[in-house]
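Read the figures in this text as sums done on the coordinates, not as results from a lab. If you're wondering where the values come from, they're calculated on a predicted model, not measured in any experiment. Using ideal geometry, Cβ is built from the backbone for each residue, glycine included, and neighbour counts are taken over all protein chains shown.
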Amino acid sequence: MKALLSGNEAVARGAYESGVQVAAAYPGTPSTEILETLAQYDEVYSEWAPNEKVALDVAIGAAYAGSRSMAVMKHVGLNVAADAFFYASMTGLEAGLVMVSADDFFMHSSQNEQDNRRYAKFARVPCLEPSDGQEAKDLVGVALEVSEQFDSPVMLRLTTRISHSDTLVELGERQAEERAEVPEYRIDRIKYVMVPGNARRRHPVIEERIEKVKEFAETFPYNRVEMGDTSLGIVTDGVAYQYAREVFPEASFLKLGMTYPLPPKMIHDFASKVDRLIVIEELDPFIEEEIRLMGLAVEGKSIFPMIGEFNPQVVRESAIEAGLLPPSAAVEVKQPELETPLPLRPPILCPGCPHRGVFLMTKKLKMVVSGDIGCYTLAFLPPLSALHTCGCMGASIGQAHGVSKAGIAQKHAAVIGDSTFFHTGLPALLNVAYNKSDTVTIILDNRTTAMTGHQQHPGTGMTLKGEPTKAVEFEDVAQAFGIEQVHTVDPYDLKEVEGALRDCLEAEGPAVIVSRRECALLPEARKLWMALRVNEERCNGCGLCFEVGCPAIFKSDQLDAKTGRAKAWIDPLLCTGCEICAQVCARKAILFREEMLKEGESA
Amino acid sequence: MKAMNFLVTGVGGQGALLASGILADVGVRAGYDVKKSEVHGMAQRGGSVTSTVRWGKVVYSPLIGQGEADYLLALEKLEALRYVGMLRPGGTAVVGDMGIPPLSVSSGDDVYPNDEQVRRVLSQVTDDYHFIPSVHLAEDLGNARAHNVVLLGTLSTFVDDVPPEVWLQSIRERVPKRFVELNERAFHAGREARSSK
């Protein structure tokens, strides 16, 4: 039976079918749906770990224990998990381990572009790359077999376009051996204890191992030659293969399903059969460099871009410019002339977003804010313009501590989301306490991992599988670290937020403010939605409420007779009734919930 | 055969992804190789959403370039203008009448194009554009949210080789049970609305 599956769903299906027993991940676009899908299979244990390093350690432990396992992360997640990735390569495993890395080219939802095939070579780990959903599913099982055959973790490298494209996939049954009894853990201290003496013995083993995989790659069925017109030979991988097939229907292809290590004989042979050898690969010239090291003449990044995501247009236009295709190959495009520029539609904090209350107050107090990764990063945009750094997961608190130690004229704070705090904020907050800075850490606890689409985390009291569990309280953590000033505020109460901020800024020593209010899009919060209304007689168009940056508040057509300025209007379809704008309004022109209810009763 | 390319555009939360999901499923039911790919940025809702759906004997790329869409299905007027350059000159555009002003418009910094401007811009790329009162038609049926299926109904009239029943099968399977009847009627309303420009 065939089904239309996204690449992520296909990977989950592949893990299920190939007998994965333990899978762990931290949510991150474009990889999140893999574990969400896998969680639906009862036969596989799956979990959200607090971060990618923990997730990979969990998968390694399961593989040490003799079970097939999988760890899943976005590209930058492997930066966090790199330590584990390298030692797992050194030790090898007792059962197959596949490490899924989903690279986000064009940074649809990421802070940087990086080509994680580099990590595969760096750690001497084989790297497999699917070019559609079917291969994504199949290569999970293949990766586990390669892992077991060569005693090495295997990277399955996806990209956003593979993860988020739906293609037809043939479904199969789960192939897993029934276990009669719980297996005994096989102890091998020399192989698994990476003290220097043992590690020095292991390093030659992994160098020899990758040479053997190189031999294996020569006949690996997912490295495939498709001979056509021999005037042009194209070496390609991943979704770039699909773009290349589309743009060069006549050419000869060497499609690589394993991009590290490369098969030298196969490549030499292919190169000898074609007049001109080019590589079409996204981001880094990884394959190109490897081929050049084989002493072959090859072109790649001199023709195709090294930045962003490809599509047929990018490939075609680059090829025309390089003379690989005639100008007549161009697609006719009609870009209309616009009478006025089109308004942009950047991502924004949603109506009713609880983060808004905190940022309005840090802005009011003219604070410098070290930011982090999550929906709240969007507070950097006007009109709030209230977040001033965003680097990587968990960076805010360490940065703010550094700012504090350096000393600046302004007041400052760190903001970090609840899930991000558990990810890598914990050790940074410990550092604030240990090394005694006046850092104010604001934990924006919206009771979910909102950015990636509402996943559970250690603070929510629920697991990926939907089982109740212990919910960690941020206040308890701060107190356990020895932080004495700990405030809990409701970000919908601006006075309360401002009061806590002022208290923390005036006091000496580290402080934590837990801003607790669930994401307005969560089902429980939706039940409380109620649209507010502007009293047009009271509104004089002063514009204070527009500075809140809520997409539910509009400038209406009505102008104030005295000031000539547009009055406010609230879209009842968008407003959730958070009352933040009502608190900002100096003329009490925006009705609070209570007033709305009274109005309803008297009507 | 050359692949048939659809581009669905809209704003997050509008139902663009349901529409492109149905479109992909219809292609599978009609016996085509199908690829679908979504591009949506960081926002939970409120940002631009586009989805490419391709039907063909064999489909390679999940994405298309500018000028390669045979059909543009726009759930929102501003997004129609933003992506009309993706349409093959002379291709078919089915555009709904929903307008969702971005923050820069609601704050008064930008102006949302009026319907006449929308028409003038569309007509630079194709004469075969169809402005459908999708929201009004769906409201008349009792639920404005069915506007996306109204537009699918209109689109279906341009795809000759797939009978309406195939579309309806897909719609029945993909919308919540209690909305099946509403969406069936929305689909038919969209088919009947084709003539209006």
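Listed here are the pairs A:K191/A:K214; B:K36/B:K177; A:K212/B:K36; B:K2/B:K177; A:K470/A:K598; A:K2/A:K465; which of them are more than 30 Å apart at the Cα?
A:K212/B:K36; B:K2/B:K177; A:K470/A:K598
Mind checking B:92-105 for the average number of partner chain beta-carbons within 10 Å of each residue's beta-carbon?
Counting Cβ atoms of other protein chains within 10 Å of each residue's Cβ and averaging gives 3.
Give me the one-decimal nm value for the distance between modelled label points at B:E173 and A:R292, 7 Å along each residue's Cα-to-Cβ direction.
With each label placed 7 Å out from Cα toward Cβ, I get 4.9 nm.
Report the paramagnetic label zone for B:Q124: residues of the stretch A:311-341 whose backbone N is under 15 Å from a point 7 Å from Cα along the Cα-to-Cβ axis.
A:333-341
Among A:183-196, A:263-276, how do they line up from the highest to the lowest mean number of other beta-carbon atoms within 10 Å?
Top to bottom by mean Cβ count within 10 Å: A:263-276, A:183-196.
Describe numerically, in nm with one decimal, the distance between label points set 7 Å from Cα along Cα→Cβ at B:M1 and at A:R200.
6.8
Run the dipole for the stretch A:1-111 about the Cα centre, Lys and Arg Cβ at +1, Asp and Glu Cβ at -1, nothing else charged, and hand back the magnitude in debye, nearest 20.
160
By how many nm would the segment from A:K301 to A:D229 lengthen if fully extended, with 0.36 nm per residue of separation less the alpha-carbon distance?
Going from the current span to full extension adds 23.7 nm.
Compute and list, largest first, the equivalent-ellipsoid semi-axes of the stretch A:544-602 from the alpha carbon gyration tensor, each √(5λ) rounded to a whole angstrom.
20, 14, 12
How would you rank A:237-246, B:156-165, A:120-129, highest first, on the average number of other Cβ atoms within 10 Å across their residues?
Descending packing order for the listed peptides: A:237-246, A:120-129, B:156-165.
Below 8 Å, C-alpha to C-alpha, sequence gap of six or more: please give me the relative contact order for chain A in percent.
Across chain A, relative contact order equals 10 percent.
What shape does the stretch A:471-603 have by the C-alpha gyration tensor, where a ≥ b ≥ c are the square roots of the eigenvalues, rounded means a/c under 1.5, and otherwise prolate means a/b greater than b/c and oblate the rest?
Prolate is the answer for the stretch A:471-603, as a/c is 1.5 or above and a/b outweighs b/c.
Scaled to the compact-protein estimate 2.2 N^0.38 Å, what is the alpha-carbon radius of gyration of the protein assembly as shown, rounded to two decimal places?
Cα Rg divided by the expected 2.2 N^0.38 Å: 1.00.
What's the FRET efficiency of A:W529 with B:Q117 using the Cβ-Cβ distance as r and R₀ = 35 Å, to the nearest 0.05?
0.55
Mean projection of the alpha-carbon convex hull of the stretch A:224-328 over all orientations, in nm²?
Answer in nm², one decimal: 5.9.
Would you mind giving the mean number of other chain beta-carbons within 10 Å of the Cβ of each residue in A:20-29, as a whole number?
Per-residue shielding by partner chains comes out at 0.
Helix-derived [θ] at 222 nm for the protein assembly as shown: sum -39500 (n - 2.57) over DSSP H runs of at least 4, divide by residue count, nearest 500?
Per the formula, -10500 deg cm²/dmol.
Across 10 Å bins from 0, what is the distribution of all Cα-Cα pair distances for the stretch B:4-195, in whole percents?
Histogramming the stretch B:4-195 at 10 Å steps yields 10, 39, 39, 12, 1 percent.
Top mean-square fluctuation among B:D110, B:D97, B:D140, Gaussian network model of chain B, C-alpha springs under 10 Å?
Sorting by GNM fluctuation, first place goes to B:D110.
Starting from 0.36 nm per residue, how many nanometres of slack lie between A:L171 and A:D188 once their C-alpha separation is accounted for?
2.3 nm
What whole number of Å gives the distance from the Cα centroid of the stretch A:69-129 to the Cα centroid of the stretch B:122-158?
45
How many angstrom separate the Cα center of the stretch A:350-411 from the Cα center of the stretch A:432-495?
Centre-to-centre distance over Cα atoms comes out at 16 Å.
How far, in nm, would the chain grow between A:A180 and A:L344 when pulled straight, counting 0.36 nm per residue and subtracting the alpha carbon separation?
53.0 nm
Calculate the mean, over all residues of peptide A:302-311, of how many other protein chain Cβ atoms lie within 10 angstrom of the residue's Cβ.
Mean number of neighbouring Cβ atoms from other chains: 1.
Per-residue counts of other Cβ atoms within 10 Å, averaged by peptide: what ranking do you get for A:307-316, A:478-487, highest first?
The peptides rank, most packed first, as A:307-316, A:478-487.
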